[in-house]
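See structure below.
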Ligand SMILES: C[S@@+](CC[C@H](N)C(=O)[O-])C[C@H]1O[C@@H](n2cnc3c(N)ncnc32)[C@H](O)[C@@H]1O
Ligand code: SF4
């Protein structure tokens, strides 16, 4: 069977910039939306033979687009990818900017999965991280989605937030589960450079964050969710097909400013400045900021750390076993990964220390042993 290919469209507009966020996302740029949608259309025209199996419209905040702008966006997708029969079409939304009119457009346009950015159901914490919505906005959008369409719903939650107590997080999680979403993404706060949190010198209490993560895993397992990727949990059959393409090193085309693509072994990053992205596309060029052919040890390393994200495990090809022999052995002896037949997979401890595991496969590697192994 032909491997699946993904199409990602980036909508970089937000009502305000959340205090922790370093995504390619801009507030106060509404006036450029229609120019941006035209640029997306023009960029899509550069790929007439790309036939995707999954669609992911992410951001930024795609639900910031008006009903009319959403119509324009979906018309563009239909006309540029006329043969696409999306097995999964995901739309990212924030509670304050989704309404019944937009939900109907999403439904009529073939969207079958909504990813709702909630972060926490605690109104005090929502304010303190710079979110625009309240818990009641979320609850009302959730019920509108259930009433209006047959969407599978994923909810994003964050833990390790400043002033967040263990009970606060677990209460939010349980309240969300009472609504029966099909999928949950759970992210520990990362304090990224250049964010307001970084300027305020916010730090994460790692041992409390770990307790929150452990407590969440227990609750989610009891509720019947499969922990299928480091940060992702789903009822059986509702795992994200689109993200699976990334983790299994499949091909995807990313359109829009700051988007990444992986096609024919080339990793390409688009320009992430909004106006510069539009101007380059308007002049008939691709707006590429960087590209590299992933080969040799870099490619093997990337396949390993992406593959290990999935908790079912990763079967490394023989070259990977050879080149990264010291890493595989050391990770096993440190109890961070384990063998299951031909597959290597994260242990429970490895899940908590996943970034440490992944760093083993990111250049610069454990050079001496690798260069010896490469002979
Ligand atoms: C593409 S982002 C944003 C999507 C959407 N605009 C929103 O705000 O919900 C997807 C998710 O990444 C998570 N996230 C973003 N920045 C983060 C950070 N610094 N640390 C941890 N999680 C983060 C949030 O849970 C967010 O919902
Ligand atoms: S977290 Fe979401 S809404 Fe907030 S700034 Fe980032 S992309 Fe925009």
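Annotations
- With the simple spin-label model, which puts each label point 7 Å out from Cα in the Cβ direction, the residue 196 to residue 144 separation comes to 2.4 nm.
- With contacts taken as Cα pairs under 8 Å at a separation of at least 6 residues, segment 45-178 carries a relative contact order of 24 percent.
- P(r) of segment 296-374 over all Cα-Cα pairs, binned every 5 Å from zero, in whole percent: 3, 17, 32, 28, 15, 4, 0
- Contact order normalised by residue count of segment 296-374, Cα under 8 Å, 6+ apart, percent: 37
- Antiparallel DSSP beta bridges within the chain, percent to nearest 5: 40
- Summed over all non-identical Cα pairs, the Kirkwood treatment of segment 244-375 gives a radius of 16.2 Å.
- If you take the Cα centroid of segment 145-179 and the Cα centroid of segment 109-143, the two points sit 8 Å apart.
- Annotation: extensible slack from residue 124 through residue 236 equals 37.0 nm (criterion: 0.36 nm per residue apart, minus Cα-Cα distance).
- Prolate/oblate/rounded call for segment 50-205, Cα gyration tensor, a/c under 1.5 rounded: prolate
- Cα convex hull volume per residue for segment 46-100 (Å³): 94
- Residue separation of residue 17 and residue 1 scaled by 0.36 nm, minus their Cα-Cα distance, works out to 1.5 nm of gained length.
- Subtracting the Cα-Cα distance of residue 32 and residue 285 from 0.36 nm times their residue separation leaves 89.2 nm of extension gain.
- Shape summary: segment 232-287 maps onto an equivalent ellipsoid whose semi-axes, from the alpha-carbon gyration tensor, are 29, 13, 8 Å in decreasing order.
- Alpha-carbon gyration tensor eigenvalues x 5, square-rooted, for segment 149-212, Å: 26, 15, 8
- Where N is the number of residues in the chain, Cα Rg divided by 2.2 N^0.38 Å: 1.00
- Kirkwood analysis of segment 1-82, using all unique Cα-Cα pairs, places the hydrodynamic radius at 13.8 Å.
- Taking the chain and dividing mean pair separation by its residue count, relative contact order in percent (alpha carbons under 8 Å, at least six apart): 15
Each reported figure results from applying straightforward, stated rules to the coordinates on display, with no laboratory input. Please read all numbers here as calculations on a predicted model, not as lab measurements. Counting neighbours? That spans all protein chains shown, and the Cβs are built from the backbone with ideal geometry, glycine included.
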